[in-house]
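Note sheet for the following structure.
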Amino acid sequence: MRPLGNMLGKEIRELLTPATVLPIVILAVLFGSLGGIIGDVEDEATRPPIIGIVQQDGSELASYTALALATTSEVVYNGTDIDEGVDKVAAAGGTALLVIPEGFEEDILSNRSGTIEVYWIMKGTGVLDTISSASLDGLLGVTDKMLSMYILENEDMRASVNVTTALNPTIKNETTTFKGQTLEGISPSSISATLSSQNMVVPLIVLMVVIMSGSTVIASMGLEKENKTLETLLTMPVKRSHIVIGKLGGAAVVGLLMAFIYMLGMSSYQNSLQRSAGLNLSDYGIGLETLDFVLVGLSLFLAVVAGLGLCLVIGVFARDYKTAQSLTMPIVFLAMIPMFVLMMKDFATLPGAVQAGLFAIPFTHPMMAMNNLMFGDYTLVVAGIVYEAVFATAMMVMAVVLFKKDILVTGRKKRERKKNGAS
């Protein structure tokens, strides 16, 4: 039985390695986080929206509408000044300021739908960021039905208001404030719908570029060790730094080509998406200029170089091609984490600790660069590019140092065997 036990223990030790356990742990954490996010979605959807109300019309229908809105939401401002109301709602983390203008009842009694002016305060483009505005849209629909019932139950009003107006007594005039810009005639849901495909496609393309480039570098290291070509290369009169730069340079050129092709495709995709959606964000001053595309491409290129440097450092510990394949998993998960998080929440609306964690991942920056540049937020994009450059440089330096160590050829396993044999 002892030989069987030894064989069983050997197989368990071979299979139960950090390279195999770490991906499972990270996957469990990701699914646990997604479960928490889904719970947050449910809590956010059932929470009353935070609003402000400005009633400029003192009529009966206007007062009833204001009362109906107040009973189903949390009102943090009830006054007469629109600018003050927007500031109060924004400070309270609210969703919108609702204004019932003068002539509201007069329009309805004249068989014209009364206007409710909605000043949206958009927090972000993630799924969780737009739930509150969707809830308020539902609240406005309920208020519209309550107002219809009120009109139909009032004999005097029913006599002067036709059925069409009675069933649709209000319309919305929407203005959205987002990242310092005021966009008239557009709602957060329209902006989010237009950007949702972009928010999903951009991270997926970044993920694919990272996977293809990174797995190539790590697999190359594993194959060179397995075929003993790395040992031959190291015996040649070539500086270790030149070897590292050559490996990263070749992969970086491929990464740059991928980034260029990606930017061309993304530019065409964005234009066709806006045409199909029927909403051209450039009409509202939201779009990308030539410099913006250059910055996005540079951010993607540096993310690829940083990822390649990290893959080269990890590839040093690969004993053969088989172990090299498993070592690509940490890189994949590093790219998946910001992809899932940024789909759910805008970077600006995340807690500080989560922001710091995402900022430390170089793959985060190209994923959010396009959205930030579309709304003129250059600070975060430039800071991300600087960080990516520093991270890539640090990985290159670390790779050079590791290429000068014996572990590059001997590997941890062989070193442990020698030590055990000597004892």
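List the residues whose amide H sits under 5 Å from the amide H of Val54, counting only those 5 or more places along or on another chain, with H placed 1.01 Å from N in the peptide plane.
Leu98, Val99, Ile100
Measure off 7 Å from each Cα along the Cα-to-Cβ vector at Thr349 and Asn168, then give the distance between these two points in nanometres to one decimal.
3.0
Order these peptides, 150-156, 241-247, 362-368, by their mean beta-carbon neighbour count within 10 angstrom, highest first.
Numbers: 150-156: 13.1, 241-247: 16.6, 362-368: 27.7.
The most tightly packed comes first, giving 362-368, 241-247, 150-156.
So how do 336-346, 179-189 stack up, highest first, on mean other-Cβ count within 10 Å? Don't jump to the answer; show the numbers that get you there.
Details: 336-346: 20.0, 179-189: 15.9.
Highest-to-lowest ranking by the protection proxy: 336-346, 179-189.
Over 22 Å between Cα atoms, which of Lys172/Lys345; Lys179/Lys345; Lys88/Lys179 qualify?
On the way: Lys172/Lys345 27 Å; Lys179/Lys345 15 Å; Lys88/Lys179 17 Å.
In this structure, Lys172/Lys345 exceed 22 Å between Cα atoms.
Provide the gained length on full extension for the span Glu102 to Glu84, in nm with one decimal, where the gain is 0.36 nm per separating residue minus the Cα-Cα distance. Show your work: numbers first, answer last.
Numbers: separation 18, 0.36 × 18 = 6.48 nm, distance 1.85 nm.
Here the answer is 4.6 nm.
By average Cβ neighbour count within 10 Å, what is the ranking of 117-129, 297-309 from highest down? Kindly include the intermediate steps, with their values, before the conclusion.
On the way: 117-129: 22.1, 297-309: 25.8.
So the order, starting with the most tightly packed, is 297-309, 117-129.
Give, in nm to one decimal, the length gained when the segment between Thr46 and Ala193 is fully stretched (0.36 nm per residue of separation minus the Cα-Cα distance). Before the final figure, lay out the partial values.
Values: separation 147, 0.36 × 147 = 52.92 nm, distance 2.17 nm.
Additional length available on full extension: 50.7 nm.
Multiply the residue gap between Glu74 and Ile211 by 0.36 nm, knock off their C-alpha separation, and tell me the result in nm, one decimal place.
On the way: separation 137, 0.36 × 137 = 49.32 nm, distance 4.65 nm.
Between Glu74 and Ile211, full extension yields 44.7 nm more.
Read the figures in this text as sums done on the coordinates, not as results from a lab. Just so we're clear, the structure is a prediction, and the values are computed from it rather than from any experiment. Here Cβ is always computed from backbone atoms with ideal geometry, including for glycine, and neighbour counts include all displayed protein chains.
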